[in-house]
Amino acid sequence: MTPVSLSVSWPERYGGRGLGPEAAAVVSAALGRSEAPDVVNYLALDVVAPGLMEFATEEQLERWLPPMPGASEIWCQMFSEPDAGSDLASLRTTAQIDGDAYVVTGAKVWSTWGQFADRGLALVRTGSAESRHRGITAVVIDMNAPGATVRPLTAMNGVAEFAEVFLSDVVVPVADRVGDHDGGWAVTMAMLAAERGTYPIRRGSVLRAALSRLRRTIDGTTDREVRRAVVDAEIVMRLLDLRIAGMVRRLAAGETLGDDVAATKMILTRAEQSVRSAELAALGVDALAPADNGIVADWLYSRAASIYGGSAQIQRSLIGERVLGLPR
């Protein structure tokens, strides 16, 4: 059976079948309504693969893409560092060329599912610290290679979704570099556009399902504060639906998503936090009961929505400078 990818584009010659943007949106919404578990390898399919398809060689694609749809190889993304989160251009993990390999040393943090990953696409510094984004290279690292240590990080919602990764003289073949030496910033921009662009399709369906349950929960309530919180969530979800619909139309027409995906990310953040806050308001102290503690965990997770995938401050700067053309 051919594995099916919810990624909006997936060449069949690499072992899978893409659904296309409209079908992907429909299937993702159905999965959200049914509260099905998230796709295991979504980071590989929705974030890493688009960058690979744009910059990797044919030989690399033949090695890396076929295992992704069936999740026989799990991938993670290693961008953020302890002192370089939203400001990726300040990253410090270094890669020195030694013959036909890079020797990588440094630390990464907030790598989603890093503790389960077989491979990770990492940004490493191959230029001077002053070179900023011009001295960054993208490489694919074997997460089981000697010198690679992965430790799960448990967030305040009790889930170890993230990991920190320590790299001590990890040898990475030059053949596993993605794009040009010192050309990793272009790979970064492609992957971030995919993450901020197509991820709302998947996440929006989860939030719609939560909002539908919430409507049933408050049916008949006269609490004005609760009703106001739900109305606020409804308004933001309508805005998110409009953004997603427009994005799907553009993808279906073969257009490339641009810097305005930052606006979609901002609306998704607001929707996530509005829906989860409305759930908490509706249940009140009952949310603390063991049967409903998932509500508290979801609310705690929503606090991170304004940080992961690029902080709200960075998104506002992108919108101001690159979309509206405002001076820096």
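The values are calculated or read from the model by the stated rules, or taken from the named source; none is laboratory data. Nothing here was measured: the structure is a model prediction, and the numbers come from that model. Every residue, glycine among them, receives a Cβ derived from its backbone with ideal geometry; neighbour counts consider all protein chains shown. The protein model used for the area step is the full one, side chains on, heavy atoms only, and it has no ligands, DNA or RNA in it. Shrake-Rupley method; radii C 1.70, N 1.55, O 1.52, S 1.80 Å.
Data overview
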item: Value of relative contact order over the chain, rounded to a whole percent, pairs C-alpha under 8 Å and six or more apart; result: 16 percent
item: Relative packing of peptides 161-172, 102-113, 53-64 - highest average C-beta neighbours within 10 Å first; result: 102-113, 161-172, 53-64
item: For peptides 131-144, 39-52, 305-318, sequence by mean Cβ density within 10 Å, most packed first; result: 39-52, 131-144, 305-318
item: Whole-number Å³ per residue for the convex hull built on Cα positions in the chain; result: 143 Å³
item: Förster radius 45 Å - calculated FRET efficiency between residue 168 and residue 189, Cβ distance, rounded to 0.05; result: 0.95
item: Label point distance in nm, residue 142-residue 227, each placed 7 Å from Cα along Cα→Cβ; result: 6.3 nm
item: FRET efficiency, residue 216 to residue 249 (Cβ-Cβ, R0 35 Å, nearest 0.05); result: 0.65
item: Where segment 225-328 is the region considered: accessible area per residue in Å², 1.4 Å probe; result: 53 Å²
item: Whole-number D in µm² s⁻¹ for segment 223-317, Kirkwood Cα-pair radius fed into Stokes-Einstein, 25 °C, 0.890 mPa s; result: 167 µm²/s
item: Surrounding net charge for residue 81, when Lys and Arg each add one and Asp and Glu each subtract one, Cβ distance under 15 Å; result: +2
item: Value of relative contact order over segment 57-116, rounded to a whole percent, pairs C-alpha under 8 Å and six or more apart; result: 32 percent
item: Residue 26/residue 96 FRET efficiency (R0 41 Å; Cβ-Cβ; nearest 0.05); result: 0.30
